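Undergrad: Sending over a structure as C-alpha cells; questions will come in a sec.
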Amino acid sequence: MEFRDMATHRRVGETAGDHTVRMEAVAWSPDGTTLATASRDDTVRLWDAAPANGSARPLRGHRGGVTPVVFSPDGRALTTGGNDCTVRLWDVPAGPASRTLCRK
C-alpha cells in the first residue's frame with residue numbers, strides 16, 4: 001500500500017516490508033511532516049513525509065496489536081493503545097515510551 005499526501009499527492013511511504021499485517025489506524029502530526037501507522041503486528045511506525053525519504057521508524061513495546069494512534073497538539077508526543085491493555089505515551093523525537101498505563 002502506498003501513502004500520498006492528500007494536498008500535494010507526494011508519495012509518503014509504503015507498508016510493504018514494514019508492517020507485517022494489516023494496519024488498524026493512521027494519524028498525521030499537526031505540522032503534516034510525520035504519519036503514524038498502527039498495526040496488528042504490535043508496532044507503531046513513524047513515517048517521514050519528506051518526498052525523498054519515505055522511511056519508517058518503528059516504535060516497539062506493545063505486546064498485542066495497536067489500534068488507536070493520536071498526536072499531541074504540538075506533535076511532540078504520540079499516544080497509542082494496544083490489545084495488550086496498555087496505553088503508551090511516546091516521545092516522538094526520541095522514540096521510547098515515556099509512560100505506560102496498564103489495565104490490571
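Undergrad: What FRET efficiency comes out for residue 99 versus residue 25 if R0 is 25 angstrom and r is the Cβ-Cβ distance? Round to the nearest 0.05.
TA: That gives a FRET efficiency of 0.80.
Undergrad: Arrange the peptides 74-82, 18-26 so that the one whose residues have, on average, the most other Cβ atoms within 10 Å appears first.
TA: 74-82, 18-26
Undergrad: Round to the nearest 0.05 the FRET efficiency obtained for residue 85 and residue 50 when R0 = 41 Å and r is the Cβ-Cβ distance.
TA: 0.70
Undergrad: Give the long-range amide H neighbours of residue 39: residues separated by 5 or more places, or on another chain, with amide H under 5 Å away, using H modelled in the peptide plane at 1.01 Å from N.
TA: 24, 66
FYI, it's all coordinate maths here, none of it is from the lab. What you see is a predicted model; the values in this text were computed from it and never measured. Virtual Cβ from ideal backbone geometry, glycine too; neighbours counted across all protein chains shown.
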